[in-house]
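To start, I am sharing the structure in question, which I have written as structure tokens.
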Amino acid sequence: MQALRKSKNLSLRRLAAKCDIEHSDIVRYERGEINMTFHTLMELSTGLEIPLKELMDF
């Protein structure tokens, strides 16, 4: 997910604002420290402006 975020030139804080997710949680998702819920995946795909399938295939 970090590569997708960086390819869109999004900082952690900017993505967090677009997704309504704490930026500290995004760091933990990127590091694999916590698991994502389906709701989180939906929020991230919206924030990254990509289809959910693309996020899942990454």
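Tell me which lysines have Cα within less than 18 Å of Lys18's Cα, excluding those fewer than 8 residues away on the same chain?
Correct list for Lys18: Lys6, Lys8.
What does the helix-only formula give at 222 nm for the chain: each DSSP H stretch with n ≥ 4 adding -39500 (n - 2.57), the total divided by the residues, and the result rounded to the nearest 500 deg cm²/dmol?
-18500 deg cm²/dmol
Within the range 42-58, whose backbone N sits under 18 Å from a point 7 Å along Cα→Cβ of Arg28?
What the label zone holds, given the 18 Å backbone N cut-off, is 42-44.
Turning to a different aspect of this structure: How many percent of the alpha carbon pairs in the chain exceed a separation of 18 Å?
The answer is 18 percent, as a whole percent.
Okay, next question. Placing +1 on the Cβ of each Lys and Arg and -1 on the Cβ of each Asp and Glu in the chain, which of Leu12, Met42, Gly32 has its Cα farthest towards the positive end of the resulting dipole?
Leu12
Read-outs throughout are calculated quantities, based only on the coordinates presented, and are distinct from any laboratory measurement. Given the structure is predicted, the values throughout are model-derived calculations rather than measurements. So basically every Cβ, Gly included, is an ideal-geometry build from the backbone, and we count neighbours across all protein chains shown.
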